[in-house]
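Q: I'd like to ask you about the structure that follows.
The values are calculated or read from the model by the stated rules, or taken from the named source; none is laboratory data. It should be emphasised that the depicted structure is a prediction, and the values quoted were computed from it without experimental measurement. Because the Cβ atoms are built from the backbone with ideal geometry, glycine has one as well, and the counts that use them run over all protein chains shown. Side chains included, ligands, DNA and RNA excluded: accessible areas come from the protein's heavy atoms. Shrake-Rupley method; radii C 1.70, N 1.55, O 1.52, S 1.80 Å.
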Amino acid sequence: MRYVVLIVLLIPVLVAVGLWQQWPGSERVPSRYNPFAPFNVDDPLNPLTRFKLKALDQDPQRCLAALARAREQGAIDYIEVGSPEIGACQLDHAVRVRSTSVRFGTSFLASCPLALSWVVFERQRLQPAARDIFGQDIARVDHVGSFACRNVYHRASGRRSEHATAEAFDVIGLRLKDGTRATVVGHWKDEGPRGALLKRAFKGSCDVFGNSLGPEYNAAHRDHFHFGMRGYGLCR
Ligand SMILES: [Zn+2]
């Protein structure tokens, strides 16, 4: 409910910012606060970021353009896969993410907004946490996939999972440059630096993704973080 109120309150602000930007003269609003400016993965995160990422869901060409800019910056390597039908599931302007500043166990399919969200999270929340806690970057992220043509919790009927449209990514562990590993199943409750890294990574993800679900949510998530695009900051 409070999100609805927030959105309603935001509308006049967005209109005002839009009109202001149209005014002849200069760029008065920094791009990170301007909902109409092209999306840049290094614009500092703020409460508008999530809305900008979600808006790109409705505008595949703008999203792919933002992703292409991120590639030019060296922030991500991917290939466009278009909008294939896989089984009973339809992808929409999806990409296959090959690497970012980290390697992945295997490349993975992602909707364009998910790929962009991951890059923002990685650059502005995940790597800074690793540098603060371990004094080094994360080199590799272990995951159990992003795309699966199925319903929520594998039920025979009911709501389609976010994974059915490659709009969620399940992470099981992180590996630092020196080889140190932190896994959700093994170190979430760890009192040391590995537990601290996982907790800070998870908390940071809540600023970017539509929803972040972890071990405290339910038994199904005891061994992974689910980062999805639905919702507006659900974080459990
Ligand atoms: Zn998941």
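Q: Restricting attention to region 135-142, does a residue exist that is within 14 Å of the ligand (Cβ to nearest atom), in contact with an Asp or Glu (Cβ under 9 Å, 6 or more places away or on another chain) and either on the phi < 0 side of the Ramachandran plot or modelled with pLDDT under 95 (or both)?
A: no
Q: Can you pull out the residues in region 75-107 that are within 19 Å of the chain's Cα centre (by Cα), touching a residue at least 60 places away in the same chain (Cβ under 8 Å) and open to solvent by 60 Å² or more (accessible area, probe 1.4 Å)?
A: Hit for region 75-107 is 92, nothing else.
Q: A follow-up question, please. I want to confirm something. Restricting to region 192-218 and keeping residues that are away from the ligand (no atom under 14 Å from the Cβ) and small (Gly, Ala, Ser), which single residue is surrounded by the fewest Cβ atoms within 10 Å (Cβ to Cβ)?
A: 192
Q: In addition: Filter region 39-57 down to the residues that are over 16 Å from residue 115 (Cβ atoms) and not in a helix (DSSP H, G or I) and list them by number.
A: First, the residues of region 39-57 that are over 16 Å from residue 115 (Cβ atoms): 43-48, 51.
The answer is 43, 44, 45, 46, 47, 48.
Q: When the residues of region 143-172 are filtered to those that are within 16 Å of the ligand (Cβ to nearest atom) and among the hydroxyl-bearing types (Ser, Thr, Tyr), which remaining residue is surrounded by the most Cβ atoms within 10 Å (Cβ to Cβ)?
A: The initial filter retains those residues of region 143-172 that are within 16 Å of the ligand (Cβ to nearest atom), namely 143-155, 158-172.
Okay, now just the ones that are also among the hydroxyl-bearing types (Ser, Thr, Tyr), so 146, 153, 161, 165.
On the way: 146: 28, 153: 10, 161: 22, 165: 21.
Among residues in region 143-172 that are within 16 Å of the ligand (Cβ to nearest atom) and among the hydroxyl-bearing types (Ser, Thr, Tyr), the one surrounded by the most Cβ atoms within 10 Å (Cβ to Cβ) is 146.
Q: Restricting the first residue to region 171-196 and requiring it to be free of Cβ contacts under 8 Å to residues at least 24 places away in the same chain and under 20 Å from residue 227 (Cβ atoms), which pairs with a second residue that is among the aromatic types (Phe, Trp, Tyr) and open to solvent by less than 50 Å² (accessible area, probe 1.4 Å) meet a Cβ separation below 7 Å and a spacing of at least six or different chains?
A: Matching pairs, first to second residue: 195/188.
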